[in-house]
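K.L.:
Pasting a structure below so you can have a look.
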Amino acid sequence: MKKAILTIVICTCLTSSCISIPREIRKAFTYCYTDTYTGIDTLINIDGYYSANNPIIFYDNGLVVHPISSRFIEQFKNKDTLFLKEIAENLETKESKSFYDFVDCGSYVICGDTIKVQMIHKYYSLNDYWSGMERWYKIIDGNIHLLDRFLITTNQKEKEVYRRNYPVPIPAGGGAKIPFVPVPVKPPLDYYWILKEKWFWCNEQDWKDYMEKIKQKKKK
């Protein structure tokens, strides 16, 4: 009996630690979300997505997302963008909810000719784990080029291991241009999972207003 109780306690602890974002990632995440116009659309085209291997979608209010579901990735690779329109027009379907849940989310800031992105990879299963990544993109002639990338964490040992095992040979002026794919419509930004996280917002009241807005939408 004691063994069974101990097993339950351990599983509960593991589960609770997995569903919450680790402190070392939260503390290192410095680009809090303001939900204000950034002017990014005056620098690059955001009416679509950028994709060398995996897609990245920018919104003009500081939000950035990176779909990771293999099913959706395949559609992005095939440039079958009609499914994005279907998601936008049918938000209550299982397909749409899956899209909004299986996505890395974060925010960005613009520093001169560089877009700095911080993104959180969500824990999705027992074989997965939370992680954070920062990427810098250099803007050249209205296009973006990967400039640098590194882990988001206050754990220095993890940073060193990442740098040692995953070197990024990127030219000083930026890597190759990341292709842009236009889409007829992007999914509305209100439903991404990270927006429900209070820590993600710069202002707590803005988070409360967002949660109330979502609550009212569900009643309709």
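The values are calculated or read from the model by the stated rules, or taken from the named source; none is laboratory data. Just so we're clear, the structure is a prediction, and the values are computed from it rather than from any experiment. Neighbour counts are summed over all protein chains in view; Cβ atoms, including those assigned to glycine, are modelled from backbone coordinates with ideal geometry.
K.L.:
Taking I139 and the conditions (1) assigned to a helix (DSSP H, G or I); (2) out of contact with any strand residue (DSSP E or B) (no Cβ under 6 Å at 6 or more places or on another chain), which numbered condition does it fall short on, given that it satisfies the others?
P.N.:
(1)
K.L.:
Given the options Y37, Y33, name the one that is over 13 Å from the mean Cα position of the chain (by Cα), farther than 12 Å from P187 by Cα and not small (G, A, S).
P.N.:
Working: Y33 fails: over 13 Å from the mean Cα position of the chain (by Cα).
None of the other options fit; the residue is Y37.
K.L.:
So if I check each of N90, N78, N155, which one is more than 18 Å from T38 (Cα to Cα), surrounded by fewer than 17 Cβ atoms within 10 Å (Cβ to Cβ), out of contact with any helix residue (DSSP H, G or I) (no Cβ under 8 Å at 6 or more places or on another chain) and among the polar types (S, T, N, Q)? Steps first, please.
P.N.:
On the way: N90 fails: out of contact with any helix residue (DSSP H, G or I) (no Cβ under 8 Å at 6 or more places or on another chain); N155 fails: out of contact with any helix residue (DSSP H, G or I) (no Cβ under 8 Å at 6 or more places or on another chain).
Only one candidate passes the filter, namely N78.
K.L.:
Mind counting the residues in segment 142-158 that are in a loop (DSSP other than H, G, I, E, B) and not β-branched (V, I, T)? If you could, list the steps in order and put the result at the bottom.
P.N.:
Just the residues of segment 142-158 that are in a loop (DSSP other than H, G, I, E, B), to begin with: 142, 152-155.
Within this subset, residues satisfying the condition of being not β-branched (V, I, T) are 142, 155.
Count: 2.
K.L.:
Then there is this: Within segment 25-71, which residues are among the polar types (S, T, N, Q), surrounded by 14 or more Cβ atoms within 10 Å (Cβ to Cβ) and more than 19 Å from V183 (Cβ to Cβ)?
P.N.:
T34, T38, listed by residue number.
K.L.:
May I pose another question? Considering only residues that are surrounded by 14 or more Cβ atoms within 10 Å (Cβ to Cβ) and among the charged types (D, E, K, R), look in segment 98-137 and name the one that is modelled with the highest pLDDT.
P.N.:
Going residue by residue through segment 98-137, those that are surrounded by 14 or more Cβ atoms within 10 Å (Cβ to Cβ) are 98-100, 102-110, 114-124, 130-137.
Subset that is among the charged types (D, E, K, R): 104, 116, 122, 134-135.
Details: D104: 93, K116: 97, K122: 81, E134: 92, R135: 93.
Filtering first and then ranking leaves K116.
K.L.:
If you don't mind, there's one more thing I want to ask. Among the numbered criteria (1) at pLDDT below 90; (2) under 18 Å from the mean Cα position of the chain (by Cα), which one does W193 miss?
P.N.:
In the conditions (1) at pLDDT below 90; (2) under 18 Å from the mean Cα position of the chain (by Cα), W193 misses (1) alone.
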